[in-house]
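See structure below.
Laboratory data are not the source of any read-out in this text; all were calculated from the coordinates shown. If you're wondering where the values come from, they're calculated on a predicted model, not measured in any experiment. For neighbour counting, all protein chains shown are included, and Cβ atoms are generated from backbone atoms with ideal geometry for every residue, glycine included.
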Amino acid sequence: MHHKALLTKRKMNEHDKHLDALVEIRSLMNRSTRFLSLSGLSGVFAGTVALIGAGMVYLFLGISPFSGAQYLERYDGFNWGMNYTTFLVLDAFLVGIIAFAGGLFFTWKKSKEQGYKLIDSISIRLAINLAIPLATGGLFCLILLFRHGLINLVAPATLVFYGLTLLNASKYTYDDIRYLGISEIILGLLATWYVGYGILFWAIGFGILHIIYGARMYFKYDRKEKVMS
């Protein structure tokens, strides 16, 4: 009986070793095809910055998030020495720069903890697949704004293009990014239907959704990797 117990235990240990080896192989395969140093804290930080940016727009306009289209259509004031269009572009630009810088920092920190390089062939491929639709969407929105004056369609367009950007880049990183992209697209289409509430949808999409998905990714991946290490 004792001999059988030892054999059983030895077989279980060998089985566990095989499982560990398979997990390691799978991890290496994922690492070779996907950028897995993307930090969930990047999303939380970006979402927080986006909410602050949206709050600044409402503060500038002197309205509440539920005031609606009539306020944006009538607004032609010059608070803080600039008009609404100039302030909106400047606010979006600063939010984007700060969110990008924060995301880069948290991602660099995670890649350093993992012992991987931040810049490699996979991260470059991810950056290219992010940059092309993102730049296209940015130019499209600038044309809407400065060529045609369709300011109420800018927020919905940014959400749709951003969602398509995430969807396009998701095959090079975590699958969760795909679902965030789909959520952004749906939100952008809703914002197109409810024109005039663009800043509110913008705050939900770039703010709240980023925080939710960022926190989910942090506890699903970042915390798990720290515990395992």
Subtracting the Cα-Cα distance of residue 104 and residue 190 from 0.36 nm times their residue separation yields 27.9 nm
When the scattering of segment 56-228 is computed by the Debye formula from its Cα atoms alone, each counted once and equally, what is log10 I(q)/I(0) at q = 0.09, 0.10, 0.14, 0.20 Å⁻¹? -0.36, -0.44, -0.81, -1.43
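Just add up the charged neighbours of residue 203: K/R +1, D/E -1, any other residue whose Cβ is under 15 Å from the Cβ of residue 203.
On the way: positive: none; negative: 91, 184.
Value of the local net charge: -2.
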